[in-house]
Amino acid sequence: MKVLANDGISQSAVDRLTDAGIEVLTNRVAPEQLMQFINDNQVDVLLVRSATQARAELIDAAPSLKIIGRGGIGMDNIDVEYAIDKGLYVINTPTASCKSVAELVFAHFFSLARNLHESNRLMPLEGDTKFDSLKKSFAKAYELSGKTLGIIGLGKIGIEVAKLGISLGMNIVAYNRTPKTEVVELNFFDGQSLKFEIKSVTLDEVLQKADFITVNTSKLKSYIIDAPQFEMMKDGVFIANAARGGVINEVALVDYIENGKVAGAALDVFESEPKPELPLLMNPALSLSPHIGGNTIDAQERIGLELADQIINIKKELE
């Protein structure tokens, strides 16, 4: 069996696959050359993250493929049902990067609440000449403790977000398309643990109550947050999107930042990714990152090993 990890994979995963007699190719093949590369090398397994697309055209033109794997949760860059109908295995790692994404959400929230995204940019430029004025301009800041955290999408990432919010003393309100109740368990360094029950509420209730809102859902056909949803929010709300570009109307977001409804927003994903719109990149009320939610060494280790184990198990089934 031969694996092409086109968007990269951890060395520990390469070692595990190699030990199982599986050849691993770590070439970064351009989209226009991918089909030919797979056929020329008789690749059995294509592993992708968010960069590489695995569409029906590729599946049809690459008969050697047996498995398509996605490092992460969302598989909107793979024609999953089509691949399954063609007899391929489609695998992913739904929990491996959840903690990393949740921590990035809070990294952005802390940055916005304390104006760190702007002070980090301006201090090197003006810190030696305008120290006092910068100190004054960044004095309007907030604690997260005691505030209400609104979670849109109470899936695996949403639950990790909730854990961090609870640990900070935040009130939690959550919306899920399918109403649900989740028991969230926090484990502490001394072996103690606490359980908290979170029962989902309506989207309107989340929007009306939350001081900080995080979107953690898959992409839908229409915006989850658009002008009507912004109108329901508290004045001075903070918003984070580390889910998918296209779940928030970015044009409306900028409008509601400008009219003061939204105090600040964090975007790790963009509608026009990988070329975000310039008004977003230049807006001082936005804390931005280039789709790095699951990109920690810890998460990549878990992702690689989980994919490796699934591939090894499927190989055994096929033999």
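General observations
- Against the conditions (1) under 28 Å from the mean Cα position of the chain (by Cα); (2) closer than 30 Å to Gly264 by Cα; (3) of a type outside the set (Val, Ile, Thr), Ser133 satisfies every one except (1).
- Scanning the stretch 240-282 for residues that are closer than 21 Å to Ser97 by Cβ, in a strand (DSSP E or B) and not polar (S, T, N, Q) gives Ala240, Ile248, Ala266, Leu267.
- Residue check for Ala96: among the aliphatic types (A, V, I, L, M), within 30 Å of Gln53 (Cα to Cα), open to solvent by less than 10 Å² (accessible area, probe 1.4 Å) and assigned to a helix (DSSP H, G or I): no
- Against the test of being out of contact with any strand residue (DSSP E or B) (no Cβ under 7 Å at 6 or more places or on another chain), assigned to a helix (DSSP H, G or I) and surrounded by fewer than 17 Cβ atoms within 10 Å (Cβ to Cβ), the options Glu231, Glu205, Glu160 yield a single qualifying residue, Glu231.
Residue by residue, here is whether (1) at pLDDT 95 or above; (2) among the aromatic types (Phe, Trp, Tyr); (3) touching an Asp or Glu at 6+ places or on another chain (Cβ under 8 Å) holds:
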| site | (1), (2), (3) |
| --- | --- |
| Thr52 | no, no, yes |
| Leu58 | yes, no, no |
| Ala83 | yes, no, no |
| Tyr89 | yes, yes, no |
| Val101 | yes, no, yes |
| Phe106 | yes, yes, no |
| Phe110 | yes, yes, no |
| Gly155 | no, no, no |
| Ser167 | yes, no, no |
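- Unmet criterion (only one of (1) within 18 Å of Ala285 (Cα to Cα); (2) in contact with an Asp or Glu (Cβ under 6 Å, 6 or more places away or on another chain)) for Ile198: (1)
- Per-region count, the stretch 121-157, residues open to solvent by 60 Å² or more (accessible area, probe 1.4 Å), part of a helix (DSSP H, G or I) and either small (Gly, Ala, Ser) or within 19 Å of Phe238 (Cα to Cα) (or both): 2
- In the stretch 37-55, the residues that are open to solvent by 20 Å² or more (accessible area, probe 1.4 Å) and of a type in the set (A, V, I, L, M, F, W, C): Phe37, Ala51
- Residues (assigned to a strand (DSSP E or B) and open to solvent by 70 Å² or more (accessible area, probe 1.4 Å)) located in the stretch 164-180: Asn171
- Residues satisfying the stated conditions in the stretch 257-288, i.e. in contact (Cβ under 8 Å) with a residue 40 or more places away in the chain and not aliphatic (A, V, I, L, M): Gly264, Asp268, Pro284, Ser287
- Restricting Ile84, Ile73, Ile9 to residues that are open to solvent by 80 Å² or more (accessible area, probe 1.4 Å), in contact with a strand residue (DSSP E or B) (Cβ under 7 Å, 6 or more places away or on another chain) and not in a strand (DSSP E or B) narrows the list to Ile84.
The values are calculated or read from the model by the stated rules, or taken from the named source; none is laboratory data. Bear in mind that the values here come from a model prediction, so they are computed numbers and not experimental data. All Cβ positions, even for glycine, are placed from backbone atoms using ideal geometry, and neighbour counts span all protein chains on display. These area figures cover heavy atoms from the full protein model, side chains too; ligands, DNA and RNA do not enter into them. Shrake-Rupley method; radii C 1.70, N 1.55, O 1.52, S 1.80 Å.
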